[in-house]
1. Tell me which residues, restricted to segment A:175-205, are surrounded by 23 or more Cβ atoms within 10 Å (Cβ to Cβ) and in contact with a helix residue (DSSP H, G or I) (Cβ under 8 Å, 6 or more places away or on another chain).
2. Of all residues in segment B:9-18, count the ones that are closer than 13 Å to residue B:59 by Cβ and either within 14 Å of chain A (Cβ to nearest Cβ) or modelled with pLDDT under 90 (or both).
3. Name every residue in segment B:30-46 that is more than 9 Å from chain A (Cβ to nearest Cβ) and without any contact (Cβ under 8 Å) to a residue 12 or more places away in the chain, in order of residue number.
4. May I ask you to verify whether residue A:67 is surrounded by fewer than 20 Cβ atoms within 10 Å (Cβ to Cβ), touching a helix residue (DSSP H, G or I) at 6+ places or on another chain (Cβ under 8 Å) and either within 7 Å of chain B (Cβ to nearest Cβ) or at pLDDT 90 or above (or both)?
5. Restricting to segment B:19-29, name every residue that is within 16 Å of residue B:48 (Cα to Cα) and either within 11 Å of another protein chain (Cβ to nearest Cβ) or in contact (Cβ under 8 Å) with a residue 12 or more places away in the chain (or both).
6. Is at least one residue of segment A:101-117 within 21 Å of residue A:20 (Cβ to Cβ), assigned to a helix (DSSP H, G or I), free of Cβ contacts under 8 Å to residues at least 40 places away in the same chain and facing chain B (nearest Cβ under 10 Å)?
7. Give the residue, chosen from B:49, B:6, that is farther than 30 Å from residue A:224 by Cβ, within 13 Å of chain A (Cβ to nearest Cβ), touching a strand residue (DSSP E or B) at 6+ places or on another chain (Cβ under 8 Å) and surrounded by fewer than 18 Cβ atoms within 10 Å (Cβ to Cβ).
8. Mind listing whichever residues of segment A:118-141 are in a helix (DSSP H, G or I), farther than 22 Å from residue B:53 by Cβ and touching a helix residue (DSSP H, G or I) at 6+ places or on another chain (Cβ under 8 Å)?
């Protein structure tokens with residue numbers, strides 16, 4: 001290498017961090033970890049996705065388990081967002097959040113209180129109760145909620161740090177079933193809105209961002225893809241693309257065609 | 001004496017502290033403040049009879065016969 005020219009890496013062209021609770025997250029893609037067949041594969045997918053924040057579940061410690069997911073995230077500089085997956089009551093969710101705070105030394109929690117195993121839909125009553133308790137105990141609550149604009153506002157008013165409406169039920173890959181409600185939630189929220197659950201492929205994530213969401217959270221779409229790392233990379237770009245499109249301002253939808261070429265000056269053929 | 005750890009019976013020394021139990025199960029040496037002495041983060045938490053015990057209190061919390069302990073960590077999910 002000659003000493004005269006040293007190429008400096010280009011600075012990030014447009015820093016567009018998501019700031020939550022005073023923390024700047026470089027990526028607007030929040031990853032989940034459920035469904036990955038191996039820790040190595042998961043690590044590769046997370047790195048490819050460019051995520052800055054990743055959610056983990058809390059379960060009984062097993063000495064037989066090889067490798068530590070927590071250590072994997074620490075090693076990759078990915079911030080950890082513990083969740084209360086599997087909790088059906090506010091009591092269980094609060095206890096699980098307390099354990100997560102102790103184990104992982106963060107007061108951020110993705111609050112998930114589900115009604116039943118069949119739908120995995122949030123139980124609104126328990127969710128509201130748990131949000132109130134956790135906020136009072138000093139937690140930063142990321143509330144996983146239905147795509148209900150009224151409930152989302154309730155959670156915000158109770159002190160939720162972010163509201164996370166579902167696109168469709170967990171693991172279905174059905175995408176965003178009610179884009180109108182997501183837009184409504186976004187238009188009224190004063191806290192970050194994270195589209196969580198139901199994402200099937202990259203275009204779903206782009207749509208979420210186009211609807212005005214501040215970030216997207218997904219797991220299954222990557223961990224159960226045929227090539228998780230490649231899908232992680234696809235989502236990285238999808239979230240950026242959707243965000244750019246939202247900021248750029250899309251054209252209005254029209255009923256009839258609108259020519260983009262001038263009619264004047266056409267050649268005439270006899 | 002006998003306790004229940006993560007739903008299974010386990011025998012521990014009389015008057016063992018939570019620190020001793022966690023150290024034994026995880027195979028990590030722990031300081032009195034509940035941090036791992038290898039400098040890495042421990043990444044586990046303890047509920048003792050359904051109450052979360054901060055790691056700073058593990059050392060001073062003695063287990064009693066019949067106690068129920070949950071020891072949890074981060075795993076894939078959600």
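The values are calculated or read from the model by the stated rules, or taken from the named source; none is laboratory data. The shown structure was predicted, so the numbers you read here are calculated from the model rather than taken from an experiment. Here the Cβ is made from the backbone with ideal geometry for all residues, glycine too, and neighbour counts use every protein chain on show.
1. The answer is A:176, A:182, A:185, A:193, A:195, A:198, A:199, A:204, A:205.
2. Total satisfying the criteria: 2.
3. Correct list: B:31, B:36, B:37, B:38, B:39.
4. In short, no.
5. Across segment B:19-29, the qualifying residues are B:19, B:21, B:22, B:25.
6. Among the residues of segment A:101-117, at least one is within 21 Å of residue A:20 (Cβ to Cβ), assigned to a helix (DSSP H, G or I), free of Cβ contacts under 8 Å to residues at least 40 places away in the same chain and facing chain B (nearest Cβ under 10 Å), which makes the answer yes.
7. B:49
8. If the condition is that a residue be in a helix (DSSP H, G or I), farther than 22 Å from residue B:53 by Cβ and touching a helix residue (DSSP H, G or I) at 6+ places or on another chain (Cβ under 8 Å), then A:124, A:126, A:127, A:128, A:129, A:131 are the ones that fit.
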